[in-house]
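Dumping the structure here so I can ask a few things about it.
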Amino acid sequence: MNELYFHLYPNAFASMETTFMKESGGKLRNDSMPSNGYGSMTLKGMKTENGLSLMNRLEYVQPDDGNIKDKTLMKVRLPRPVKGGESITLSMQYEVQLPKIFARMGTAGNFVMAGQWFPKISVYEPANTRGRSTEGWNLHQYHGNSEFYADFGIYSVRIHVPKNYTVAATGFPVQPAQNKNGEKVYQFYADDVHDFAWSASPDFIVAEEPFSSAEVPGVRIKLYLDPAHKDLKERYFYAAKAALKYFSRWYGTYPYSTLSIVVPPEAGNGAGGMEYPTLVTAFGAKDESPGYDLERTVIHEIGHQYFYGMLASNEFEEAWLDEGFTSYAEDKLMEQEYGVIPSLPVQSTLISTPAPLTQDAWKYTLPNQYALNVYYRGKMVLKTIEQSVGKSTMNKIMARYTGKYRFGHPTTSDFQKIVEQATGKSWKSYFDQYVYGEQMADFAVDQITVQKKKSGSNPLFESAITISKNGGNYDKIPILFTFKDGHKLKKIWDGSGKSAVFKLQYTSPLAWAMVDPSYNIVLDNKHMNNYLKADMDKDVLFRWNESITKLIETLLGSLSW
Amino acid sequence: MRTYIANGWKSVKDQFYVIIILFLYQLLWGYFLYRLVESAVVPLLMRYPDPPPNQLSQALYYIEAQMGLSENSTVHAYLWILLGIGVFRMLLTPFIQAGILYGLQQEYKGLRGLFFFQGMRRYGKSIFIFHIVEWILLAAPAYWLLPRLYHVLISGLQSQLLFLNGVPYVVAWLLYGYIVHQLLLYMQFGKISGSGMVSSLWIGICNSLPIIGISICLE
């Protein structure tokens with residue numbers, strides 16, 4: 001190996017010209033960059049063990065977009081190649097100017113969220129890692145819509161803060177904080193993690209509870225609360241314990257000895273709802289009695305201890321493996337613990353710009369396209385598999401996937417193989433359409449014609465209903481037919497072909513037909529066309545047309561002849 | 001006053017061919033608009049789930065309808081057609097207006113004949129400028145009113161009673177529009193009769209009460 005690569009993530013905030021700022025417009029989720037909130041990382045020195053400076057061997061690279069103003073990825077040419085089995089140790093001096101918080105990291109008043117605060121080495125992938133044929137670096141800049149990808153390692157970190165500050169961090173403290181020369185010194189240690197984050201504030205209210213269950217040998221849950229939420233301790237602890245217990249049962253034992261939950265102040269909301277190994281952040285403490293969003297966020301971020309933390313997928317390239325899977329787990333636990341059931345039909349309706357789930361995160365460029373695809377569409381893809389194979393098989397699939405790839409870097413096709421092994425059949429068509437492709441399901445009642453076959457005292461009507469498939473495939477499509485006399489009839493369409501015609505003979509004409517009347521096809525994002533009436537009262541139609549025409553005519557007539 | 005009204009009706013009778021032209025003009029637009037509305041509204045009504053088969057049905061219908069306004073290409077096509085009609089008719093309007101006013105003017109002078117198209121040619125362009133001024137004046141309050149009305153619209157989608165909050169704004173805008181229209185109309189009289197815009201504007205202002213009265217009666 002002739003070169004090393006490091007992510008200098010804070011440089012994303014160095015100017016408005018960086019790739020992150022150009023793509024995000026200085027806004028992430030609902031938080032905007034505070035004025036003059038820039039941040040950056042300056043490398044002051046880099047030496048090998050024998051004291052050789054590498055400072056003249058550095059170069060910023062921009063493999064994704066060639067934006068030379070972007071300095072979030074750095075290449076270091078080594079003085080001599082590192083051969084297989086050899087190692088190299090570098091020491092670095094660097095200064096970080098944390099940005100003001102709007103995107104995950106930074107400062108808000110005296111609150112500090114130090115995520116991505118050190119030059120983080122890129123992932124060097126041996127052949128066969130994540131399906132690649134030859135070994136090499138996985139290199140990406142920091143983007144507006146993208147999180148991270150890193151390899152597992154050991155961290156030993158000493159943090160000096162002013163005396164009145166409290167520090168929360170990944171891993172565990174090897175000794176109690178020491179007061180030295182007017183400073184407080186913390187020493188943390190963490191292994192089998194792929195990132196190290198810490199947070200500090202003089203205002204934190206700290207609470208700690210031990211937790212163990214049949215699946216969890218023993219964890220200290222540490223809560224670092226903004227004072228605005230000081231009375232909500234129990235809610236945080238309850239959610240955290242439920243998450244640790246059930247996620248450990250479903251996806252494997254939580255292997256670390258600590259879990260820290262940081263609740264940022266309102267101004268630091270941009271740092272909220274974020275996952276780091278063994279440290280998560282809730283959303284900013286604003287409301288004194290927030291709704292279930294509080295529990296939902298905590299549960300979601302703890303879910304990331306699996307889908308991100310232990311299953312360290314590449315968030316640049318396959319964000320849904322983290323967000324979609326975590327959202328799926330979150331919904332499941334929210335329903336079980338709090339009885340909160342998400343309205344999946346409404347959520348799927350919002351997905352107006354479906355895109356492949358294995359697309360690079362920054363290529364979701366339309367408004368909300370990233371979130372709607374990797375969170376919502378991703379979890380719906382899993383929910384649909386669950387509906388198809390049944391809950392118990394789905395639980396096995398998830399247990400196998402999380403077991404096999406624990407402390408690995410799984411990909412979408414790894415997951416597909418697990419599904420195929422567990423069900424004993426090919427899922428290629430499903431994955432091609434809904435995961436690698438951008439399909440949604442869309443079944444519609446296209447046309448209804450009613451013919452009178454027999455008059456008299458025993459009339460007979462033939463109603464012909466055309467159902468069409470405008471999106472991806474689906475196995476069994478339920479259809480509900482309702483006749484004018486109130487009689488109902490249910491049928492199932494096998495979904496083969498582009499459309500199907502149902503001919504029904506009955507003593508009353510059809511009133512309306514509806515595909516998927518219970519909205520069980522979660523990937524169907526267009527519901528208006530599920531329903532069609534056979535006809536309507538002519539007078540009612542005339543009144544509507546006439547009124548709307550009159551309205552438009554009045555508007556036009558007020559400005560023109 | 002009664003004589004003026006009687007004269008007005010007499011002018012209407014004398015210019016009857018103009019009425020026929022405008023009647024046909026309105027009839028064609030009306031028919032076209034009705035068909036357009038029908039082609040859009042009927043499919044939507046046929047898909048409105050009433051009674052709702054599922055408790056979510058109507059909510060989903062409204063959400064998708066709202067999203068369709070910003071995302072659906074068919075909806076966009078209809079909006080463009082309506083906008084096109086609006087612009088086209090607004091461009092025609094000054095010429096029609098010029099024809100009518102010139103006809104009235106010539107008749108007042110005691111002349112008889114088909115002055116409508118002559119007026120369009122002779123005064124169309126200058127009346128067009130009046131209309132541009134009128135449109136700008138009419139549109140100006142939008143800068144303050146539209147953000148407020150948008151807010152009302154969004155809140156009204158949740159609770160329809162809240163639509164009432166928009167009524168004062170709309171009424172004030174319509175009233176303002178009426179005044180601007182009348183004032184400019186009198187200036188156009190002045191322009192076409194050659195008696196000067198300011199003097200006819202003054203006549204319009206002095207007689208504003210009877211004018212408003214007649215307007216209300218005719219409506």
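Among the aspartates and glutamates, which fall within straight-line cross-link reach of residue A:452, defined as a Cα-Cα distance under 17 Å, with same-chain neighbours fewer than 8 residues apart omitted?
Filter leaves A:462, A:485, A:535.
For the protein assembly as shown, what number results from the quotient of the Cα radius of gyration and 2.2 N^0.38 Å?
Here the Cα radius of gyration is 1.27 times the empirical estimate.
Which of the GluC sites (Glu not before Pro) found in region A:250-326 are in a DSSP loop and have at most 16 neighbouring Cβ atoms, other than their own, within 10 Å?
Those satisfying the criteria are A:288.
Something else now. What do you get for the angle between helix B:142-158 and the principal long axis of chain B? Use alpha-carbon atoms, 0 to 90 degrees, nearest ten.
Roughly 40 degrees between the two axes.
Using alpha-carbon positions, what is the distance between the centroids of region A:469-525 and region B:163-196, in Å?
Each part reduced to its Cα centre gives a spacing of 55 Å.
What does the structure give for A:529-541 when I average, per residue, the other chain Cβ atoms found within 10 Å of the residue Cβ?
Taking the mean over all residues of the peptide, I get 3.
Ordered by residue, what ³J(HN,Hα) values in Hz, to whole numbers, does region A:460-474 give under the Karplus form 6.51 cos²θ - 1.76 cosθ + 1.60, where θ = phi - 60° and Gly and Pro are x?
9, 10, 10, 10, 10, 10, 9, 10, 10, 10, 9, x, x, 7, 7
Please list, in order along region A:61-71, the HN-Hα scalar couplings obtained from phi with the Karplus expression 6.51 cos²θ - 1.76 cosθ + 1.60 (θ = phi - 60°), rounded to whole Hz, x for Gly and Pro.
After applying 6.51 cos²θ - 1.76 cosθ + 1.60, I find 10, 9, x, 7, 9, x, 6, 5, 7, 9, 10 Hz.
What translational diffusion coefficient, to the nearest whole µm²/s, does region B:1-124 have by Stokes-Einstein, given a Kirkwood radius computed over alpha-carbon pairs, a temperature of 20 °C and 1.002 mPa s viscosity?
116 µm²/s
Inverting the mean 1/r over all pairs of different Cα atoms, compute the Kirkwood radius of region B:76-126 and quote it in Å.
Final number for the Kirkwood radius of region B:76-126 is 12.0 Å.
Farthest toward the dipole's positive end in region A:235-291, which of A:276, A:262, A:251, given Cβ charges of +1 (Lys, Arg) and -1 (Asp, Glu) about the Cα centre?
It is A:251, whose Cα lies furthest towards the positive end.
What percent does the relative contact order of region A:1-144 come to when contacts are Cα pairs within less than 8 Å and at least six residues apart?
Dividing the mean separation by the residue count of region A:1-144 yields 35 percent.
In degrees from 0 to 90, rounded to the nearest 10, what is the angle of the helix B:197-206 Cα long axis to the longest principal axis of chain B?
70 degrees
How much net charge surrounds residue A:94 when only the other residues with a Cβ under 13 Å from the Cβ of residue A:94 are counted, with Lys and Arg +1 and Asp and Glu -1?
+3
May I ask you to give the average projected area over all directions of the convex hull of the Cα atoms of chain B, in nm² rounded to one decimal?
Dividing the Cα hull surface by four gives the mean projection, 15.6 nm².
Report the FRET efficiency, 1/(1 + (r/R0)^6), for residue A:489 and residue A:214, where r is their Cβ-Cβ distance and R0 is 41 Å, rounded to 0.05.
It comes to 0.25.
Shifting gears a bit: Taking a threshold of 19 Å on the Cα-Cα distance, which of the pairs B:109/B:191; A:469/A:526; A:100/A:163; A:363/A:526; A:230/A:286 fall above it?
A:100/A:163; A:363/A:526
At most 11 other Cβ atoms within 10 Å plus a DSSP loop assignment makes a site exposed; report the longest stretch of chain B without any exposed trypsin sites (Lys or Arg not before Pro).
B:1-108
For region B:142-196, what does the convex hull of the Cα positions come to per residue, in cubic angstrom?
75 Å³
Also, I was wondering about something else. What would the Debye equation give as log₁₀ I(q)/I(0) for region A:443-536 at q = 0.12, 0.16, 0.18, 0.24 Å⁻¹, counting only Cα atoms as equal point scatterers?
-0.36, -0.61, -0.76, -1.22
Let's see if you can work this out: charge +1 on each Lys and Arg Cβ, -1 on each Asp and Glu Cβ, no other charges. What is the dipole magnitude of the protein assembly as shown about its Cα centre, in debye to the nearest 20?
Taking the Cα centre of the protein assembly as shown as origin, the dipole is about 1780 debye.
Let me see the P(r) profile for region A:1-144: every Cα-Cα distance counted, bins of 10 Å, each bin given as a percent of all pairs.
Calculated over all Cα pairs of region A:1-144, the distribution is 11, 37, 32, 17, 3 percent.
Specify which residue in the list A:25, A:200, A:164 is farthest towards the positive end of the charge dipole of the protein assembly as shown, using unit charges on the beta carbon of Lys, Arg (+1) and Asp, Glu (-1), about the Cα centre.
With unit charges placed on the Cβ atoms, the residue in question is A:25.
Please list, in order, the residues from region A:70-90 whose amide nitrogen is less than 18 Å from a point placed 7 Å along the Cα→Cβ vector of residue A:132.
Only A:73-78, A:82-85 pass the distance filter.
Cα to Cα, under 26 Å, and not fewer than 8 places away if on the same chain: which lysines meet these conditions relative to residue A:453?
Answer for residue A:453, where 26 Å is the Cα cut-off: A:484, A:488, A:490, A:491, A:503, A:533, A:538, listed by chain and number.
Further, regarding this structure: Taking each residue in B:47-54, count the Cβ atoms of any other chain within 10 Å of its Cβ, then average. What number comes out?
6
Once the convex hull of the C-alpha atoms of region A:1-67 is built, how many Å³ does it hold per residue, rounded to a whole number?
For region A:1-67, the hull spanned by Cα atoms encloses 128 Å³ per residue.
With the dipole of the protein assembly as shown worked out from charges on the C-beta (+1 for Lys and Arg, -1 for Asp and Glu) around the Cα centre, which of B:42, A:143, A:108 lies farthest toward the positive end?
B:42
Counting each DSSP H run of 4 or more residues in chain A as -39500 (n - 2.57), what helix-only mean residue ellipticity at 222 nm follows after dividing by all residues, to the nearest 500 deg cm²/dmol?
Result for chain A, helices only: -7000 deg cm²/dmol.
Another one. Could you pull out the chymotrypsin sites (Phe, Trp or Tyr not before Pro) across region A:183-221 that fall in loop regions by DSSP (anything but H, G, I, E, B) with no more than 15 other Cβ atoms inside 10 Å?
none
In whole Å, how far is the Cα centre of region A:261-298 from that of region A:154-196?
Taking the Cα centre of each part, region A:261-298 and region A:154-196 sit 22 Å apart.
Another question about this same structure. Say R0 is 60 Å: what FRET efficiency, to the nearest 0.05, do residue B:24 and residue A:421 get from their beta-carbon distance?
Rounded to the nearest 0.05, the efficiency is 0.20.
Any idea what the relative contact order of chain B is, in percent, if you count C-alpha pairs under 8 Å spaced at least 6 apart?
Value for chain B: 12 percent.
Next question. Apply the membrane-span-like helix rule to chain A: whole DSSP H runs, Cα extent along the own long axis of at least 27 Å, mean Kyte-Doolittle hydropathy at least 0.0. List the helices found.
The answer, listed by residue number, is A:538-559.
Tell me the GluC sites (Glu not before Pro) within region A:183-230 that lie in a loop according to DSSP and have at most 16 other beta-carbon atoms within 10 Å.
In loop regions of region A:183-230 (DSSP not H, G, I, E or B), the sparsely surrounded GluC sites (Glu not before Pro) are A:215.
Could you pull out every one of the lysines with an alpha carbon less than 20 Å from that of residue A:425, ignoring same-chain neighbours closer than 8 positions?
Counting by Cα, and skipping residues close in sequence, residue A:425 has these lysines nearby: A:383, A:391, A:396, A:404, A:417, A:476.
Read-outs throughout are calculated quantities, based only on the coordinates presented, and are distinct from any laboratory measurement. Because the structure is a prediction, the values reported are computed rather than measured. For neighbour counting, all protein chains shown are included, and Cβ atoms are generated from backbone atoms with ideal geometry for every residue, glycine included.
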